[in-house]
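Nothing in this text is a laboratory measurement; each read-out follows from the coordinates by a stated rule. Computed from a predicted structure; not experimentally measured. Note: ideal-geometry Cβ built from the backbone for every residue, glycine included; neighbour counts use all protein chains shown.
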Amino acid sequence: MKKLLYAIICLVSLCSCVGPVTKKPVDAKPEVIESITRYRKEYILAPGDQLAVAVYRHPDLSVEGMIRTDGYVSLMMLDDVKAAGLTVQEFKKRVSDLYSKRILNPELSVALRNVRPAMVYVMGEVGRPGPVPVRDAATAAQAVAYAGGMTHSAARNSIALVRLNDDGRISAYKICEDGQDGHEGQPYYYMAMQNTLLQADDIIIVPEGYQTQFQRFVSDWINTPLNGLNSILNPYFQFKIINNLK
């Protein structure tokens, strides 16, 4: 019994820190910085993008194609050409170099038929966790609303924003909490979120409240085991009662 009480006390203590917050930024890996920075500055081709390649004076080579899941696109005379991970200009140069081995002085243009929108990502206790287009959610409040709003179990005072800073470090901090700037209460949470502008690739984390965590702990570690024990003991007690009635 003492061990059980100790476990409950420990859980309550841990649940008081439901927000994914760090006092110090974390250094981002070089490949993470390079990838995110590149995606912000240039449009990088990816599977699903639709490309139109036009070769001047060779209309039979002009074609529209979609980048497949393996990262390649099929072109006339060249078969499969790697496209995913390249910018449009890099892909154009690659195709031009390949065609130059088949035809004299090829001139071509590459047009992108679809553009993927910049995204932010909402995780945790919301109706529909997942990516949200930045154009539809300029602020944290709009992103959470777009994701279906917070659930009843959300810890509204522990919502965090994770962001890759310009100095190459990843920061996670609470968007709002009681007592900040002398404000508190539910309306302030929404105002603070609406006052938080988002950038592409930001991650908003809406954690679960400590009360819900505690209830799940009680259910998983107390009620469920006891229910299993009761299912074993009940037949025994029923047998004893029947014998006593004889």
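Remark: I67, I159 ranked as I67, I159, counting other beta-carbon atoms within 10 Å and listing the fewest first.
Ordering E90, E107 by the number of other Cβ atoms within 10 Å of each residue's own Cβ, fewest first, gives E107, E90. Given the options V144, Q194, M119, identify the residue whose Cα lies farthest towards the positive end of the charge dipole of the stretch 117-210 (+1 on Cβ of Lys, Arg; -1 on Cβ of Asp, Glu). Farthest towards the positive pole: M119. When you restrict to C-alpha pairs under 8 Å that are six or more residues apart and normalise by the size of the stretch 117-210, the relative contact order lands at 40 percent. The shape of the stretch 117-210 comes out oblate: with a ≥ b ≥ c from the C-alpha gyration tensor, a/c is at least 1.5 while a/b does not beat b/c. Taking amide hydrogens as placed 1.01 Å from N in the peptide plane, the amide H of G149 sits under 5 Å from those of G127, R128, each at least 5 positions away in sequence or on another chain.
Exposure proxy shown here: for V162, V206, the number of other Cβ atoms within 10 Å sets the order, fewest to most, as V162, V206.
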